[in-house]
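The values are calculated or read from the model by the stated rules, or taken from the named source; none is laboratory data. Every value quoted in this text rests on a predicted model; they were computed, and no experiment measured them. Because the Cβ atoms are built from the backbone with ideal geometry, glycine has one as well, and the counts that use them run over all protein chains shown. Only protein heavy atoms, including side chains, enter the accessible area calculation; ligands, DNA and RNA are left aside. Shrake-Rupley method; radii C 1.70, N 1.55, O 1.52, S 1.80 Å.
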Amino acid sequence: MLRWLGYLFGFALLGGLIAAGGAIWVFWEFGRDLPDYRQLANYRPPVTTRVHAGDGSLLAEYAVERRVFVPVSTIPKQVINAFLSAEDKNFYRHPGVDVIGVARAALTNLRNYGTGRRPEGASTITQQVAQNFLLTKDVSFTRKIREAIISFRMERAYSKDDILELYLNQIYLGFGSYGVASAAINYFGKSLDELTVEEAAFLAALPKAPNNYNPLRYYDAAIERRNYVIGRMVEDGHIPLSEGKRAQSSALQVARTDRGAKIDAPYFAEEVRRELAGRYGDTTLYQGGLSVRTTLDSRLQRIAQRELRAGLITYDRRHGWRGPVDTLATMDDWAKGLAKIAVPPGSADWRLAVVLSVDDKEREAVIGFADGQKGRVPLAEVKWARAWVEGQKRGPSVKKVSQVFAVADVVLVEGVTADSKGEPYPANTWALRQIPDVNGAIVAIDPHTGRVLAMSGGLDFAESEFNRATQAWRQPGSAFKPFVYLAALDNGFTPSTLVLDAPFVIDQGPGLGKWKPANYTNKFYGPSPMRLGIEKSRNLMTVRLAQTVGIEKVAEYAERLGVMDNIPRQLSMAIGAGETTLLRLVTAYAMIVNGGKQISPTLIDRIQDRNGKTVFRHDTRPCEDCQNMTWDGQPPPQPPDLRVALIDPGTAYQMVSMLKGVVDRGTGVRVRAVGKPLAGKTGTTNDSLDTWFIGFSPDLAVGVFVGFDEPKPLGRKETGSSVSAPIFRDFMAAALDGRPAIPFRVPSGIRLVRVNATTGVVAQRGEKRVILEAFKPGTEPRELGPVVDGGYRPPGSSANPARGIY
């Protein structure tokens with residue numbers, strides 16, 4: 001008996017030694033050349049960069065994997081318990097491999113063999129982390145052994161919470177969601193701490209096969225899998241039975257959020273994206289999890305896009321109908337044929353329709369839509385559609401619908417309820433629409449800080465990503481003139497200085513001919529106060545003034561304000577022959593209204609890295625009192641003003657006053673309808689290739705540019721006054737609606753004196769046509785002074801010597 005016991009002991013010992021040796025061999029053989037699990041200590045998963053407007057609304061997201069990283073300490077216990085019940089209930093008890101779980105799964109799968117039920121797995125969360133981070137997903141015995149070895153090693157190197165944090169932030173859960181926080185947002189539009197039991201259970205049901213449990217495609221399978229997880233949570237004691245039954249009986253309501261921008265500002269967002277990529281590189285942009293707070297004002301952005309589009313459409317309608325979008329080859333099954341035609345970019349909410357019949361007697365056309373619906377377009381809604389003629393001209397007036405429509409024409413239409421007089425239309429009445437072929441841009445900035453509050457760089461971003469606010473270099477035309485007058489005002493001239501408006505000729509040199517600038521009206525007005533030169537946009541007065549002050553000095557002022565760089569010292573620059581962008585021009589005007597203080601335009605207020613550390617701030621002013629303060633109704637602290645003074649405040653106000661005259665009495669008089677203190681300047685280049693209006697209220701600077709992408713004339717009598725100024729007007733009317741009328745701020749050292757509007761001389765009692773003029777002390781003219789003819793040098797100025805004085 002003892003002998004047999006000895007044999008048994010020996011065999012057991014031998015078996016143990018063989019098993020131990022086998023285990024050592026397995027660890028040595030399969031543990032060689034394994035990936036270094038210690039690299040997980042520096043785990044930095046790709047995290048989504050999120051860009052927000054000034055009010056916190058989401059503007060854009062940039063990512064290769066949409067992930068929001070959350071520390072395990074901030075993940076609700078309910079969410080953690082759901083994943084433990086679904087994936088690894090013994091997670092906090094096993095050493096990396098759950099031997100009991102493996103045995104249980106093997107027995108269960110053997111018992112269920114042939115029943116068609118889903119086999120159970122036994123991979124622990126630690127093993128899944130090893131597989132997801134360090135190994136391939138191939139199904140093999142070798143990979144499972146390597147996975148187990150790495151899991152044992154990881155458990156010795158990291159805490160359970162560290163491993164769980166890696167897992168919950170790395171896993172893919174469908175709907176483009178990486179990690180539990182991203183999934184909670186994408187499936188339910190909630191943060192993790194807002195999830196219900198059934199929602200947490202559903203997310204925990206997804207890791208094995210997220211696409212198989214897509215609730216929009218496989219709702220029943222998703223419910224079954226979710227309820228399985230809820231049942232496991234009850235078994236594991238994480239929730240009571242009553243709560244589990246309630247959760248299992250609830251519907252699965254997915255409120256999948258729109259992961260696109262909440263604010264429609266694609267040109268602004270793309271400009272921000274380019275700046276981030278240039279500052280940090282694409283890797284950080286798309287994987288670094290930056291949090292970007294921009295300067296965008298959501299309300300002003302909506303107004304800007306609406307009014308730019310409306311203004312471009314208004315201009316386009318003045319120049320005729322360019323024809324249908326397409327024409328159907330056959331009217332057989334017209335609805336199906338129409339459905340094959342793509343809606344052109346820029347059509348917004350307009351609809352494609354096909355003309356089914358034209359009835360001049362009934363003065364209407366019948367149209368049909370791809371869904372089979374029909375409608376009518378009355379003659380009144382096509383009256384504008386006179387045939388387009390080369391040169392932005394129009395054909396004869398439309399008196400019959402058949403002049404515009406033919407059967408099988410595919411056109412864009414918009415639903416209307418009343419005619420231009422407000423008389424109601426019958427139901428299902430539509431108006432003809434046309435996508436403008438002209439384009440433009442609008443920018444609004446805070447003149448005191450340079451914060452870009454709104455930007456639209458074109459009619460439609462889908463049609464063209466080219467940003468006409470920042471990338472289109474165009475001649476500003478007369479919008480450049482204020483910088484000529486600034487230089488003059490800073491060098492001894494006053495708004496009342498008389499400047500000769502008469503023919504002007506310069507010999508440009510051998511072979512270049514003579515330069516003969518002219519006024520837009522082709523008329524001459526004789527000696528006129530300098531103010532009139534800007535109000536009426538007189539080219540000849542401006543050129544003479546630049547000649548007198550010196551084009552070198554004019555160019556220096558424009559360069560100082562950032563209008564252009566390296567301006568050629570040529571007299572034609574004085575009337576806008578150089579090139580600049582809308583954003584540069586608006587920024588320069590903003591520095592006029594803010595009293596001459598330097599600002600830099602910015603689209604970004606603050607950037608934080610993935611850890612919440614601020615890595616960029618536009619406003620760098622120190623403010624000790626702003627830190628850790630409790631607000632109790634007291635006035636906010638005032639950081640120091642560090643802006644550099646580029647222009648004398650008095651000179652800047654004189655220019656503001658003259659530009660206000662442009663709106664009150666000059667080429668910008670259309671803007672006066674807003675009924676608030678506004679100032680600005682129109683701009684029109686030769687042959688009306690480009691039109692501008694740049695202007696401001698005391699606290700908002702706005703610029704509008706309109707022109708063709710491939711420059712060509714906008715048409716006869718189309719100017720900054722007729723094309724761009726109405727867009728500026730309508731924007732300002734909406735932007736300032738409900739705001740008090742704030743007058744322009746008058747700096748110390750400026751005297752407001754009543755002068756004769758025609759002569760500029762201090763007005764006598766009882767005179768008519770009197771205006772208030774801004775003067776620096778001692779410069780008010782008591783009598784008619786000399787007339788600048790291109791060479792006058794006022795006393796004390798540094799201008800060129802006088803070459804001719806009336």
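Overview of results
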{"item": "Test result for residue 716, basic (Lys, Arg), open to solvent by 80 Å² or more (accessible area, probe 1.4 Å) and modelled with pLDDT under 95", "result": "yes"}
{"item": "Any hit, the stretch 729-744, residues being small (Gly, Ala, Ser), buried (at least 18 other Cβ atoms within 10 Å of the Cβ) and not in a helix (DSSP H, G or I)", "result": "no"}
{"item": "Candidate set from the stretch 460-479 (those that are among the aliphatic types (A, V, I, L, M) and in contact with a strand residue (DSSP E or B) (Cβ under 8 Å, 6 or more places away or on another chain)); member that is farthest from residue 601 (Cα to Cα)", "result": "479"}
{"item": "Residue list for the stretch 603-629, restricted to those being on the phi < 0 side of the Ramachandran plot and out of contact with any strand residue (DSSP E or B) (no Cβ under 6 Å at 6 or more places or on another chain)", "result": "611, 613, 619, 620, 621, 622, 623, 624, 625, 626, 627, 629"}
{"item": "Residue list for the stretch 349-398, restricted to those being among the basic types (Lys, Arg), in contact (Cβ under 8 Å) with a residue 12 or more places away in the chain and either part of a loop (DSSP other than H, G, I, E, B) or open to solvent by less than 70 Å² (accessible area, probe 1.4 Å) (or both)", "result": "363, 376, 383, 386"}
{"item": "Options 664, 619, 605: the member that is at pLDDT 85 or above and either open to solvent by less than 30 Å² (accessible area, probe 1.4 Å) or part of a loop (DSSP other than H, G, I, E, B) (or both)", "result": "619"}
{"item": "Members of the stretch 212-223 found to be in contact with a helix residue (DSSP H, G or I) (Cβ under 9 Å, 6 or more places away or on another chain), in a helix (DSSP H, G or I) and open to solvent by 10 Å² or more (accessible area, probe 1.4 Å), listed by number", "result": "212, 213, 221, 223"}
{"item": "Subset of the stretch 671-710 (residues that are crowded, with 17+ Cβ neighbours inside 10 Å, in a helix (DSSP H, G or I) and not polar (S, T, N, Q))", "result": "671, 674"}
{"item": "Near pairs, Cβ below 8 angstrom, 6+ apart or cross-chain, from the stretch 538-556 (under 12 Å from residue 573 (Cα atoms)) to any residue that is of a type in the set (D, E, K, R)", "result": "542/481; 551/569; 552/569; 555/569"}
{"item": "Single residue of the stretch 399-436 satisfying the filter (in a loop (DSSP other than H, G, I, E, B) and of a type in the set (Gly, Ala, Ser)) that is nearest to residue 342 (Cα to Cα)", "result": "408"}
{"item": "Candidates 747, 726, filtered to the one that is touching a Pro at 6+ places or on another chain (Cβ under 9 Å) and open to solvent by less than 50 Å² (accessible area, probe 1.4 Å)", "result": "747"}
{"item": "Meets criteria (over 30 Å from residue 492 (Cβ atoms), at pLDDT 95 or above and among the small types (Gly, Ala, Ser)) for residue 707", "result": "yes"}
{"item": "Residue 387 vs. criteria within 30 Å of residue 701 (Cβ to Cβ) and among the small types (Gly, Ala, Ser)", "result": "no"}
{"item": "Residues of the stretch 47-94 satisfying the condition of being touching a Lys or Arg at 6+ places or on another chain (Cβ under 6 Å) and either buried (at least 20 other Cβ atoms within 10 Å of the Cβ) or not small (Gly, Ala, Ser) (or both)", "result": "47, 48, 52, 58, 61, 85, 92"}
{"item": "Positions within the stretch 441-457 being at negative phi and open to solvent by less than 10 Å² (accessible area, probe 1.4 Å), in sequence order", "result": "441, 442, 443, 444, 445, 447, 452, 454, 455, 456, 457"}
{"item": "Cβ-Cβ under 9 Å pairs, at least 6 apart or on other chains, the stretch 751-763 side closer than 9 Å to residue 496 by Cβ and in contact (Cβ under 8 Å) with a residue 40 or more places away in the chain, far side of a type in the set (Gly, Ala, Ser) and open to solvent by less than 20 Å² (accessible area, probe 1.4 Å)", "result": "755/496; 755/763; 759/496; 760/496; 760/528; 761/496"}
{"item": "Flag for residue 592 being assigned to a loop (DSSP other than H, G, I, E, B), touching a residue at least 60 places away in the same chain (Cβ under 8 Å) and out of contact with any strand residue (DSSP E or B) (no Cβ under 7 Å at 6 or more places or on another chain)", "result": "no"}
{"item": "Enumerated helices (runs of 4 or more DSSP H) restricted to the stretch 238-300, each holding at least 3 residues that are free of Cβ contacts under 8 Å to residues at least 60 places away in the same chain and open to solvent by 60 Å² or more (accessible area, probe 1.4 Å)", "result": "241-249, 266-280"}
{"item": "Number of the condition not met by residue 612 [criteria: (1) open to solvent by less than 60 Å² (accessible area, probe 1.4 Å); (2) part of a loop (DSSP other than H, G, I, E, B); (3) in contact (Cβ under 8 Å) with a residue 60 or more places away in the chain; (4) touching a helix residue (DSSP H, G or I) at 6+ places or on another chain (Cβ under 9 Å)]", "result": "(4)"}
{"item": "Hey, residue 651 modelled with pLDDT of 95 or more, surrounded by 14 or more Cβ atoms within 10 Å (Cβ to Cβ) and part of a loop (DSSP other than H, G, I, E, B) or not", "result": "no"}
{"item": "Count - residues of the stretch 304-314 that are buried (at least 21 other Cβ atoms within 10 Å of the Cβ) and of a type in the set (A, V, I, L, M)", "result": "3"}
{"item": "Any chance residue 437 is among the acidic types (Asp, Glu) and within 25 Å of residue 729 (Cβ to Cβ)", "result": "yes"}
{"item": "Members of the stretch 388-418 that are of a type in the set (Lys, Arg) and under 29 Å from residue 331 (Cα atoms)", "result": "399, 400"}
{"item": "Number of positions in the stretch 186-211 that are surrounded by 20 or more Cβ atoms within 10 Å (Cβ to Cβ) and hydroxyl-bearing (Ser, Thr, Tyr)", "result": "1"}
{"item": "Lone unmet requirement of (1) on the phi > 0 side of the Ramachandran plot; (2) at pLDDT below 70 for residue 147", "result": "(1)"}
{"item": "Selection count where residues are touching a Lys or Arg at 6+ places or on another chain (Cβ under 9 Å) and open to solvent by 70 Å² or more (accessible area, probe 1.4 Å), scope the stretch 622-644", "result": "4"}
